[in-house]
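Read the structure below first, then the notes.
The values are calculated or read from the model by the stated rules, or taken from the named source; none is laboratory data. Quick caveat: nothing in here was measured; it's all calculated off a predicted structure. Because the Cβ atoms are built from the backbone with ideal geometry, glycine has one as well, and the counts that use them run over all protein chains shown. SASA here: full protein model, heavy atoms, side chains in, ligands and nucleic acids out. Shrake-Rupley method; radii C 1.70, N 1.55, O 1.52, S 1.80 Å.
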Amino acid sequence: MLGEWADREASRHSTELERAEALRLLGSVSLGRIVFTQDALPAIRPVNHLLHHGEVIIRTHEGAALATLTGHEEGDEGVVVAYEADAIDPATHCGWSVVVTGYCRLVTDPADLAHYQALLHPWTDHKMTQALRIRPDLVTGVRLSR
């Protein structure tokens, strides 16, 4: 009996999202999780973001673990990260999840930094003086529906 109920409850359709739809959904929410390597181990941080010209922008504080890893020199690719955001209803288990993988770089242009500071407001009390830009080289997503 329990197995039948679990199978019935788990009967969701999983549909792969096209890149454009995945980015549109990512841009519709403001909270996600960034995944990076710190001391040879995976690290995950919840952050708020915005999608600007197809790139994921997050703000951070000076000295933050990820900010110290990103490329600071002109022409430096940056560091590879994954960024994940989703909207899944806890009652129906329906919704979507998107993962962006790509290079993350520190925003060094003062005009760009000022622009992002005006658009993206931190959720924490840290003084967020820096911004990071993630170039989405690989975009995957899935929609869960009944």
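Over segment 17-146, accessible surface divided per residue gives 55 Å², non-protein components excluded, 1.4 Å probe. For the chain, the fraction of C-alpha pairs farther apart than 20 angstrom is 52 percent. Can you compute the FRET efficiency between HIS13 and VAL80 using 1/(1 + (r/R0)^6), with r the Cβ-Cβ distance and R0 = 22 Å? Round to the nearest 0.05. For HIS13 and VAL80, the calculated efficiency is 0.10. For the options ARG59, ARG105, ARG12, a Gaussian network treatment of the chain with springs between C-alpha atoms closer than 10 Å singles out ARG12 as fluctuating the most.
Could you check how much of the accessible area of segment 58-146 is carbon and sulfur, as a whole percent, using a 1.4 Å probe? Mind dumping the intermediate values first?
Working: 2640 of 4800 Å².
Percent of accessible area from carbon and sulfur atoms in segment 58-146: 55.
What the Cβ-Cβ distance of ASP112 and THR140 gives, at R0 = 30 Å and to the nearest 0.05, is a FRET efficiency of 0.65.
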